[in-house]
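Worksheet for the structure shown next.
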Amino acid sequence: MRLRRVHRARWEVLAVCDARGGCPLLDFLAGLEANLAADGRAMLRLLAFAAEQGPPRNVEVSHKIAGEVWELIAGRLRVLWFYDEGRLVVCSHGFVKRTRKTPSAEIDRAQASCAAYLAAKQHRILRNED
């Protein structure tokens, strides 16, 4: 499994990459339409904050949604992520939230990323790309 560094300070924030090396989170943030650009900048600030101080503890900005999966919130944007040991935050992907409830398909996708990450870690096949 490939990972790409998003930010690094006291904590390291990584994003999961697909088999071809594409990074769904970074591609999502880079491809935002103009009407979501402010939310995109806010999300990047939250990711930088997570690297400096750890994930936000304010439930209006970050909270656990299922199993080991957490949700980071910036306006209408959401990033699903999970912890790993050693002050590590691994981001699965981002999406625009259009309803009150987080879609189960998005949660399933993040849980699959978490399971794949843990399996790759156990088999020592994680690769960090900058």
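The values are calculated or read from the model by the stated rules, or taken from the named source; none is laboratory data. Keep in mind that what you see is a predicted model, and the values were worked out from it rather than measured. Don't worry about glycine lacking a Cβ; one is built from the backbone with ideal geometry, like all the others, and counts go over all protein chains shown. In case anyone asks, the SASA skips ligands and DNA or RNA and just uses the protein heavy atoms, side chains included. Shrake-Rupley method; radii C 1.70, N 1.55, O 1.52, S 1.80 Å.
Summary of values
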quantity: Filtered GluC sites (Glu not before Pro), region 15-121: DSSP coil and at most 12 other beta carbons within 10 Å; calculated: Glu33, Glu60, Glu85
quantity: With at most 12 other Cβ atoms within 10 Å, longest stretch of the chain clear of loop trypsin sites (Lys or Arg not before Pro) (DSSP); calculated: 21-56
quantity: Taking N as its residue count, the alpha carbon Rg of the chain over 2.2 N^0.38 Å; calculated: 0.98
quantity: Full-extension gain in nm, Glu68 to Asp130, via 0.36 nm per residue minus C-alpha separation; calculated: 19.8 nm
quantity: In Å², nearest 10: area of Asp84 left accessible to a 1.4 Å probe; calculated: 30
quantity: Additional length obtainable on full extension of the chain from Ala42 to Tyr83, 0.36 nm per residue less Cα span; calculated: 12.7 nm
quantity: Accessible area (Å², per residue) of the chain, counting only protein heavy atoms and a probe of 1.4 Å; calculated: 57
quantity: Cα lying deepest toward the dipole's positive end in region 1-107, options Ala50, Ile65, Ala38, charges on Cβ; calculated: Ala38
quantity: Computed accessible area, Cys114, all protein chains, 1.4 angstrom probe, square angstrom; calculated: 10
quantity: Note, ³J(HN,Hα) from phi for region 46-51, Karplus 6.51, -1.76, 1.60, rounded to Hz, x at Gly and Pro; calculated: 5, 5, 5, 4, 4, 5
quantity: Surface share of carbon and sulfur [accessible, 1.4 angstrom probe, percent] for the chain; calculated: 50
quantity: Nonlocal amide H pairs with Gly54, under 5 Å, H built at 1.01 Å; calculated: Trp11
quantity: On Cα atoms only, tilt of 104-122 relative to the major axis of the chain in degrees; calculated: 20
quantity: Size of charge dipole - the chain - debye, nearest 20, with Cβ of Lys, Arg +1 and Asp, Glu -1, no other charges; calculated: 60
